[in-house]
Structures are given as structure tokens and as C-alpha cells.
Amino acid sequence: GADEIADRVRRLRMRPFAEACEALPRVVRDLATTAGKELEIEVLGGEVEVDRAVLDGLREALLQLVRNAADHGIEPPAERERAGKPRRGKVGVAAALKGDRLAVTVADDGTGLNVAAIRAQLERRGLPVPDDERELARTLFEGGMSTRGDVTAISGRGVGLDIVRAAVARIRGSVEVAWVQGRGTTFTLECPPTLATIRALLVAVGPQILAVP
């Protein structure tokens, strides 16, 4: 019946999360070579099933976040050694279903966010500087923000984060960042696993039309 058809259509749309991560190992390898770093990437939850349209939005966001982590978040080997860390930096990408939401994290064991540099950049631009660090971190998503003076095509922590925010907004999601100074940064993306329409019964109540799932 109709349920069977809807289910078949849904299955055709669903793809494994791993497909959104296919380009990431090469990106990390290339960056390790050009930046003289030792890097590894790990992907968890590759089997989690996601709508094709969601996968496309995630692919773009993940590419930016992983580049950002590998290029800017993780320190060169000698600097890591001085900080008592392993020479090889790690980027972890993980997907999990939490209730009716998909949670995707991109974590690195690099330097964390440079709060002083973000404040200085906002001041330089004559923009309001939030006291709260979480609010301050959100300004990174506002476009064009970077916390590195000599911005290369894919450098500073803010570079590309406006692209991430736009990609996540397209799939009706949200993005947050958390960090521990000197130990690492985690970006968390949350979105529905499918953008498929909900089948509903439309009921007219006077001038109002209500949709009942």
C-alpha cells in the first residue's frame, strides 16, 4: 500500500554517512604534506543512514571543518612535542543518531580556539566584543572571520565557517563549537537525518489549517 511505497522511496534516498567522508582522508594527507605536519583521521558511525540531500550539505560542511582542523587547529610536530603531546595530530569525525536528530562531530587534539585573537580581530573591525567566550566563538560563523594574521586560502579558525553555517542551515541544522585551550576543539553539527516530507492529515478549523502527522 501507500506505506510500502513511502518506505521504498525513503530507502532509495538513504545513504551511509561514510559517503560524505570519502574525500576527507586525502584532504588530511595533502595538508600534512604541504604543512609539514603528522596527521591522522578517524571516521566513526560511517554506517549511519542519512538522506541524500542531508549528505550533500554535510559533505560541504565536513570538508571545511576537517581542513580547518588539520591546517589551523593542529600544531606542527615539534610544537606538539614541546606541549607534551604525541607528534601526530588526530582529527575525528563521528556520526550518531540521537532520537530523531543526527549528531555529527568534528574533533581535533590541537590548540583550541585563540580567544584573544578573536577578540582582537573584532576590536580591529570595530565590532561588538562579547564577554562570554561561547558568544565570542559564535562570531566565527559570521563570515570572513579568521584568527590567523596571514590568512591563506584555508587557514585561520574562522575561514570557511560561514560556509559551514550556510551548508548546515540548508539542511535545517545547527552548529556549535566547544574547546579546551591547548588540548583541542570540537564542532558539533545537529540536523534531521532526512528532509523527506511528513505525511499529514490537513484539518481546517475555521480560518486555520492544521497538519496532524
For this session: Look at ALA20 and say whether it is at pLDDT 95 or above, open to solvent by less than 10 Å² (accessible area, probe 1.4 Å), more than 18 Å from THR186 (Cα to Cα) and outside any loop (DSSP other than H, G, I, E, B).
Result: yes
Exercise. Looking only at residues in segment 87-102 that are touching a helix residue (DSSP H, G or I) at 6+ places or on another chain (Cβ under 7 Å) and of a type outside the set (A, V, I, L, M), which one is least open to solvent (accessible area, probe 1.4 Å)?
Worked result: GLY89
Exercise. Name the residues in segment 156-176 that are buried (at least 20 other Cβ atoms within 10 Å of the Cβ) and either at pLDDT below 90 or in a strand (DSSP E or B) (or both), would you?
Worked result: GLY156, ARG157, GLY158, VAL159, GLY160, LEU161, VAL175
Problem set entry | Whichever residue in segment 77-95 is part of a loop (DSSP other than H, G, I, E, B) and not small (Gly, Ala, Ser) and, among such residues, is nearest to GLY45 (Cα to Cα) | ARG88
For this session: Identify, from the list ASP108, ASP132, the residue that is charged (D, E, K, R) and in contact (Cβ under 8 Å) with a residue 60 or more places away in the chain.
Result: ASP108
Problem set entry | Unmet requirement for ARG26, which otherwise passes all of (1) touching a helix residue (DSSP H, G or I) at 6+ places or on another chain (Cβ under 8 Å); (2) basic (Lys, Arg); (3) assigned to a helix (DSSP H, G or I) | (1)
Seminar exercise, completed: Scanning segment 29-76 residue by residue, those within 18 Å of ASP108 (Cα to Cα), assigned to a strand (DSSP E or B) and either among the aliphatic types (A, V, I, L, M) or open to solvent by less than 20 Å² (accessible area, probe 1.4 Å) (or both) turn out to be LEU39, ILE41, VAL43, LEU44
Exercise. Considering only residues of segment 103-130 that are outside any helix (DSSP H, G or I) and open to solvent by less than 30 Å² (accessible area, probe 1.4 Å), which is nearest to PHE141 (Cα to Cα)?
Worked result: LEU113
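The values are calculated or read from the model by the stated rules, or taken from the named source; none is laboratory data. This one's a predicted model, so the numbers in the text were calculated from it and none came from an experiment. All Cβ positions, glycine included, derive from the backbone under ideal geometry; neighbour counts span all protein chains shown. Protein only, heavy atoms only, side chains kept; ligands, DNA and RNA dropped before computing areas. Shrake-Rupley method; radii C 1.70, N 1.55, O 1.52, S 1.80 Å.
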